[in-house]
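These notes concern the structure reproduced below.
Read the figures in this text as sums done on the coordinates, not as results from a lab. Only a predicted model underlies this, so the values are computations on that prediction, with no experimental measurement involved. We place every Cβ from the backbone using ideal geometry, glycine too, and count neighbours over all the protein chains shown.
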């Protein structure tokens, strides 16, 4: 594996407080990410909701776990996103024999051409990129899965006592197959919680599948063009954090997340019956930051309850553990989140 040449690291700055500047940057954000969406649509047919959730995750500086059967263009979608944003892209095919060093890198012995002495040199692994596709992440043992934890949380890698910063922006977009469970290693709860969203990729409708046939079996082909770069993305991530969060929306987030914790006094009896473990505080944080990103993409300058409702399933489905009773009755975490949304009272001003 060859090492990535160093680039100048963009500086993460404090968000600008000038309202006019924020409005201007928000307008540029919408224009830029609309262009990204259009570029991806050249290559990937449909999947508009999945693409939007990926864009929200990128704006929120988060990672995504995509789940879907083979052949739904998950890899193509992620590669197209990286190309349209001019970001370095690498793909790792996770297998049972994959070792942590195959991801993070390892020390190798090299001869110094100046001194003639042999010395240990760190050889960077494929994690040293900007968009890392962890393909079929549940096919490798937990020891190897865990090698991504530091990179996902701290955006750095520690090897042989030395810490190496990853180039910003950095995203892990992982996939897993929901069908073949033999020989797989389900992600531990701590690892799943590092993903801002668990996105379910569904089948295309009839018209979309017809378009897929025409595009892939004919003579024409399309390719993405870069429309933004990493430094722009970092600036847009800063703008997202300046979006106001109305108090009633924050209370809605708190009510939803705490309602789904079986040991919380606010949780109803059915949650105690069907939920073994509920979502932690990171769920509230990422619902809010995701809601801010979605609000901007929908040309609004504050978070609404509609943003939280739209992101509740991808943000919460992987942060809950159902009880045996729920599994016996065929209830999924999606069913439980939908029921919580249906029963949760809307605070005053919920039309925001």
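Using a Gaussian network model of the chain in which every pair of alpha carbons under 10 angstrom is joined by a spring, one finds that among 178, 204, 113 the greatest mean-square fluctuation is at 113. Exposure proxy ranking for 129, 34, based on other Cβ atoms within 10 angstrom of each Cβ and starting from the fewest, stands as 34, 129. The simple spin-label model puts a point 7 Å past each Cα toward its Cβ; for residue 155 and residue 247 those points are separated by 3.3 nm.
Of all DSSP beta bridges located in the chain, what percent are antiparallel, nearest 5? Counting DSSP beta bridges with both partners in the chain, the antiparallel share is about 40 percent. Computed from Cα atoms, the angle from the helix 48-59 axis to the main principal axis of the chain rounds to 70 degrees.
Between helix 74-84 and the chain there is an angle of about 70 degrees, using the helix long axis and the longest principal axis of the Cα atoms. So how tilted is helix 305-316 from the main axis of the chain? Cα-based, degrees 0 to 90, rounded to 10. Long axis of 305-316 versus the principal axis of the chain: about 60 degrees.
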